[in-house]
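Please read the structure below before turning to the comments.
The values are calculated or read from the model by the stated rules, or taken from the named source; none is laboratory data. Here the structure is a predicted model, which means the values were calculated and not measured. Virtual Cβ from ideal backbone geometry, glycine too; neighbours counted across all protein chains shown. We work out accessible area using only protein heavy atoms, side chains counted, and drop any ligands, DNA or RNA first. Shrake-Rupley method; radii C 1.70, N 1.55, O 1.52, S 1.80 Å.
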Amino acid sequence: MAAALLFIAALMAASYTSSEAAQPKASFEDNFSIMWSEDHFKTSADGQIWYLSLDKDTGCGFQTKQRYRFGWFSMKLKLVGGDSAGVVTAYYMCTENGAGPTRDELDFEFLGNRTGEPYLIQTNIYKNGTGNREMRHMLWFDPTEEYHTYSILWNNHQIVFFVDKVPVRVHKNNGEANNFFPNEKPMYLFSSIWNADDWATRGGLEKTDWKKAPFVSSYKDFSVEACQWEDPFPECVSTTTKNWWDQYDAWHLSDEQKMDFAWVQRNLVIYDYCKDTERFPTVPVECSLSPWD
């Protein structure tokens, strides 16, 4: 079954490669600004690969220059190799630069581990400052050996987290005013590397080994097809169906995506807040919405 999934992912990746190859390459400066620790940021000679490093003094981070409301957001990452316990590489969307009390946020967090132990991906979704919607997944590959593509599809009907075009998490909207689906505020896209050894690896039992520093994650091939937010009269204030990511086919998983998603659910999910009755004796409202619809 794993081989079948990888074959499907390879076919899908190949189909996207031809279309992506026709797009002109943008440099880091075209899309992003460094948030902090510019001396911990480097690029390749051609400006197409970006490196963030973490040492005992500080990490590093960057963000898009533009905000977006709804679209497709994608980046290739290669994570810190070797002993990366305590190190978190974050790739996320947020309405602001900071953990404000009313922020909306869509998170990919890659949780480092001891050498030979698997990376975990944690995803989370915030609306108006409230998160606590964590899921954790294993991966079917080593994310430190090659670049892999991590993407977010966001429209008014669903938010889908993808790994190499395979949907690993689906968060649905119910079409009503609610407190669980972020759909009103535009977001920047961010990435950062930082020390989180108080919680990231085995609940904080495994600490960062600073003798292994610097820890370096690398990025390339940022792609965005989205509605750019422009004040004072943003086009994104209302949804349309003129873009593929906001058309009917993007409101639901395709039949092939449902097959992949079912495999992920059976084999890779290691934590789902919807099933944590100790934390949530009353099941959150959004957990009753079917990802298959």
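One table, with the values for the structure above:
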{"item": "Hits in segment 245-282 - residues which are open to solvent by 40 Å² or more (accessible area, probe 1.4 Å) and part of a loop (DSSP other than H, G, I, E, B)", "result": "GLN247, TRP251, HIS252, SER254, THR277, GLU278, ARG279, PHE280, PRO281, THR282"}
{"item": "Condition check for ALA196: under 18 Å from THR64 (Cα atoms), of a type in the set (A, V, I, L, M) and surrounded by 15 or more Cβ atoms within 10 Å (Cβ to Cβ)", "result": "no"}
{"item": "Complete set of residues in segment 31-55 that are more than 13 Å from ILE193 (Cβ to Cβ), open to solvent by 30 Å² or more (accessible area, probe 1.4 Å) and touching a strand residue (DSSP E or B) at 6+ places or on another chain (Cβ under 9 Å)", "result": "ASN31, SER33, GLU38, ASP39, THR43, GLN48, ILE49"}
{"item": "Any hit, segment 217-235, residues being assigned to a strand (DSSP E or B), open to solvent by 10 Å² or more (accessible area, probe 1.4 Å) and among the aliphatic types (A, V, I, L, M)", "result": "yes"}
{"item": "Residue list for segment 163-194, filter: touching a helix residue (DSSP H, G or I) at 6+ places or on another chain (Cβ under 9 Å) and part of a strand (DSSP E or B)", "result": "VAL163, VAL166, PRO167, VAL168, ARG169, VAL170, HIS171, LYS172, LEU189, ILE193"}
{"item": "Selection from segment 246-293 of residues that are among the hydroxyl-bearing types (Ser, Thr, Tyr) and in contact (Cβ under 8 Å) with a residue 24 or more places away in the chain", "result": "TYR271, TYR273, SER290"}
{"item": "Subset tally (residues that are open to solvent by 10 Å² or more (accessible area, probe 1.4 Å), in contact with a Ser or Thr (Cβ under 6 Å, 6 or more places away or on another chain) and either assigned to a loop (DSSP other than H, G, I, E, B) or closer than 17 Å to TRP194 by Cβ (or both)) for segment 64-79", "result": "1"}
